[in-house]
1. Compute the helix-to-body angle for 6-20: its Cα long axis versus the longest principal axis of the chain, expressed 0 to 90° and rounded to tens.
2. Beyond 15 Å, what percent of the Cα pairs of the stretch 258-312 remain?
3. Could you work out Rg/(2.2 N^0.38 Å) for the chain, with Rg from alpha carbons only?
4. With contacts defined as alpha carbon pairs under 8 Å and 6 or more residues apart, what's the relative contact order of the stretch 70-206 in percent?
5. Counting pairs of alpha carbon atoms under 8 Å apart in space and at least six apart in sequence, what relative contact order in percent does the stretch 1-120 give?
6. Report the trypsin sites (Lys or Arg not before Pro) located in the stretch 32-84 that are in a DSSP loop and have at most 13 other Cβ atoms inside 10 Å of their Cβ, or state none.
7. Using the Cα gyration tensor of the stretch 51-111, with a ≥ b ≥ c the square roots of its eigenvalues, what is the shape: rounded (a/c below 1.5), prolate (a/b larger than b/c) or oblate (neither)?
8. Once the Cβ-Cβ distance between Leu294 and Lys243 is put in as r, and R0 is 35 Å, what FRET efficiency do you end up with, to the nearest 0.05?
Amino acid sequence: MKTMTYMEAIREAITIKMREDENVLMFGEDVGAFGGCFGLSQGMFDEFGEKRIRDTPISEGAFVGCAIGAAGTGLRPIAEIMMGDFVTVVMDMLCNQAAKLRYMSGGKITLPMVVRLPGGGGIGAAAQHSQSLEAWLTHMPGLKVVYPSTPADAAGLMLTSINDDNPVIFMEHKVLYGLKGEVPDDIKPIPFGVADIKKEGKDITIIATGKMVHEALKAAEQLSKEGIEAEVVDPRTLFPLDKETIFNSVKKTSKVLVVTEENKRGGFGGEISAMISEEAFDYLDAPIVRIGALNTPIAFSPGLESYILPNFNDIVNGAKKLF
């Protein structure tokens with residue numbers, strides 16, 4: 001095992017695939033010699049050159065369109081949207097083109113492309129640079145949506161994403177970029193649709209995504225001191241979703257708390273809650289509790305931002321409602 005940051009793990013996985021396959025390339029705003037807005041592509045321009053690590057104009061719709069065309073003709077492009085919020089300007093390309101072309105061509109066209117979305121709040125980036133928009137993307141048939149929470153998961157899931165012949169949305173939480181963790185020396189792909197139990201417990205199931213996995217683990221530690229043993233389930237991929245692992249945990253604990261960073265109204269956490277209610281209701285001993293951000297734009301002020309976003313105290317208090 002080696003210790004890497006979340007960012008280094010993503011870079012390592014992309015580098016591995018680029019060395020293996022000359023058809024893999026990455027492009028986006030400032031990913032070239034500058035090394036990326038967050039530094040993720042540092043050093044890659046020097047190794048792979050401007051044809052495979054390409055800077056683009058500030059036109060996300062245009063270069064995601066280029067990714068669709070490149071994927072349709074046999075390349076395996078990775079498009080970096082500098083801030084996940086800007087996915088709003090590429091929704092036509094993603095939802096009306098990338099998500100549908102394989103279906104509309106009867107499978108004759110494959111689209112092996114990855115769109116990287118650095119998202120989430122917590123760095124004081126204000127309303128237009130702090131959103132969690134996974135519910136928009138999981139709603140769309142034809143897109144796969146990945147959301148790793150640890151360096152090891154990020155590395156393995158990136159390998160799988162690049163290997164996949166369908167469009168993959170790879171969500172990265174900006175606050176996690178500096179998170180360190182163990183990564184296997186020989187990184188292997190992690191299959192889509194396989195959740196990971198980050199902590200086992202018997203009293204309550206906490207289903208969390210992205211950065212909220214770590215808030216859930218902090219909450220579980222506090223709850224344990226109070227005699228409540230929480231099981232923390234990280235779906236890792238939002239679509240395909242591992243229902244079996246979630247349901248097995250629900251059957252064991254009979255109590256469920258779902259926590260995501262997105263605005264609570266209309267969020268993917270509601271989809272998880274509805275799925276459990278429809279398919280595993282008989283195992284519940286209490287109503288499902290959902291935790292998300294307040295239904296307001298993310299504030300620039302650190303105090304207001306932390307008030308809007310969910311944290312481990314919210315999870316602790318939410319869990320106690322079930323007992």
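1. Its long axis makes an angle of about 40 degrees.
2. Value for the stretch 258-312: 52 percent of Cα pairs lie more than 15 Å apart.
3. Rg over 2.2 N^0.38 Å, computed on Cα atoms: 0.98.
4. For the stretch 70-206, the relative contact order is 26 percent.
5. Working: 170 pairs, mean separation 29.1, N = 120.
Answer for the stretch 1-120 is 24 percent.
6. Values: sites: Lys51, Arg52, Arg54; in loops: Lys51, Arg52.
In loop regions of the stretch 32-84 (DSSP not H, G, I, E or B), the sparsely surrounded trypsin sites (Lys or Arg not before Pro) are Lys51.
7. In terms of gyration-tensor shape, oblate.
8. Values: r = 29 Å, r/R0 = 0.82.
Taking R0 as 35 Å, the efficiency between Leu294 and Lys243 is 0.75.
The values are calculated or read from the model by the stated rules, or taken from the named source; none is laboratory data. Predicted model only: the values in this text are computed from it and were never measured. When we count neighbours, we look across all protein chains shown, and the Cβ atoms used for this are built from the backbone with ideal geometry, even at glycine. With ligands, DNA and RNA removed, areas are computed over all heavy atoms of the protein, side chains included. Shrake-Rupley method; radii C 1.70, N 1.55, O 1.52, S 1.80 Å.
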